[in-house]
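For reference, the structure discussed in these notes is given below.
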Amino acid sequence: MTALTDAIEEIVRSAGAMMREAFNAPDKPAYSLKGRQDYLTATDGAVELFVRGEIERRFPGDAVLGEEAGGETGAARLWIVDPVDGTANFARAIPHFCISLGLMVNGELEAGAIYEPMHDELFIAQKGHGAWCNGVRLHVSEQSELSAATVEIGWSSRLSPDPYLALVSQCMHAGCSVRRAGSGALGLAYVAAGRCEAYAEAHINSWDVAAGLLLVREAGGRVNDFWAEEGLSKGNAVLATNARLATELSVLTGIPLR
């Protein structure tokens, strides 16, 4: 695509190789809990450290905000990284996890990638250049009937179960099939790829969505204004949908779209 996306691809593929090697090691990754159902492995920290080093080497002066080591949020050029999105899956030997890396320039998403190493799927986008998976242009689903739609709904231990259960109930009563696979970043990538019609979550962090929101927009979908208020630093609700069901799903979930 461009020199920028080439560099991003190299970084996330190398990070993905680290994740794949750890996942396939005879001794499965040991994990601890940062909080209720909030998993942490040594691979999370190692991958983020690697990504930070690559950004410093390739883009000196750029800032980084990561899930594990934090960072500043006011820089003009800000890389936002989730080193292992789906850590619970990774830790429990479920091959559904990824690295998410997004670049925000002057408050707008410019480029990003999600790499799922176990199936070697690279989802990548740059503003104005479309969204792609392994060289194939992505387009959101053309589905226009809720009764045939699939919606992935994420759950956060930072909230009570009630908002999650309400979203599930509302979507199921409207006729949607509901799923939850444990990676918000991959959920957004799958919306961009037309594999499901929407991803919604009552609260999610910026490192989970920075690449995915751009993927969905560049694939012709709709997203909410996640960055409103303190979305970058404290997270926000998220909704990403295909175009044909955008209005209905926004009303259904109570999350306004841009």
Residue that is farthest from Gly102 (Cα to Cα), among those in segment 54-75 that are touching a Leu at 6+ places or on another chain (Cβ under 8 Å) and in contact (Cβ under 8 Å) with a residue 60 or more places away in the chain
Thr73
Do we have Pro83 as surrounded by 13 or more Cβ atoms within 10 Å (Cβ to Cβ), modelled with pLDDT of 95 or more and either outside the structural domain of Cys133 (by TED's automatic domain parsing) or not in a helix (DSSP H, G or I) (or both) here?
yes
When both residues are 6+ apart or on different chains and their Cβ atoms are under 8 Å apart, which pairs have a first residue that lies in segment 116-136 and is farther than 18 Å from Phe97 by Cα, and a second that is surrounded by 21 or more Cβ atoms within 10 Å (Cβ to Cβ) and among the β-branched types (Val, Ile, Thr)?
Ala131/Ile124; Ala131/Val216; Trp132/Ile124
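For segment 210-222, which positions are within 19 Å of Val251 (Cβ to Cβ) and surrounded by 24 or more Cβ atoms within 10 Å (Cβ to Cβ)? Walk me through how you get there before you give the answer.
Quick first cut of segment 210-222, residues within 19 Å of Val251 (Cβ to Cβ) only: 216, 221-222.
Answer for segment 210-222, where residues must be within 19 Å of Val251 (Cβ to Cβ) and surrounded by 24 or more Cβ atoms within 10 Å (Cβ to Cβ): Val216, Gly221.
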Restricting attention to segment 169-184, does a residue exist that is in a helix (DSSP H, G or I) and touching a helix residue (DSSP H, G or I) at 6+ places or on another chain (Cβ under 6 Å)?
yes
Being touching a residue at least 60 places away in the same chain (Cβ under 8 Å) and not charged (D, E, K, R) narrows Ala237, Ala185 down to just Ala185
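Pick out the one residue from Val168, Val191 that is more than 14 Å from Ser141 (Cα to Cα), among the β-branched types (Val, Ile, Thr) and not assigned by TED's automatic domain parsing to the domain that holds Tyr115.
On the way: Val191 fails: more than 14 Å from Ser141 (Cα to Cα).
Every option except Val168 fails the conditions.
When you look at Gly184, is it in contact with a Lys or Arg (Cβ under 9 Å, 6 or more places away or on another chain), surrounded by 17 or more Cβ atoms within 10 Å (Cβ to Cβ) and at pLDDT 95 or above, yes or no? Give the derivation first.
On the way: in contact with a Lys or Arg (Cβ under 9 Å, 6 or more places away or on another chain): no; surrounded by 17 or more Cβ atoms within 10 Å (Cβ to Cβ): yes; at pLDDT 95 or above: yes.
Taking the combined requirement at face value, the residue does not satisfy it.
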Restricting attention to segment 86-101, report how many residues are assigned to a loop (DSSP other than H, G, I, E, B), surrounded by fewer than 24 Cβ atoms within 10 Å (Cβ to Cβ) and at negative phi.
4
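Quick one: in segment 132-164, of everything that is assigned to a helix (DSSP H, G or I) and modelled with pLDDT under 95, which residue is nearest to Val216 (Cα to Cα)?
Going residue by residue through segment 132-164, those that are assigned to a helix (DSSP H, G or I) are 146-148, 161-164.
Next, only the ones that are modelled with pLDDT under 95 stay: 161-164.
Working: Pro161: 27, Asp162: 27, Pro163: 24, Tyr164: 22 Å.
So the residue we want is Tyr164.
The values are calculated or read from the model by the stated rules, or taken from the named source; none is laboratory data. Keep in mind that what you see is a predicted model, and the values were worked out from it rather than measured. Neighbour counts run over all protein chains shown; Cβ positions are idealised from the backbone, glycine included.
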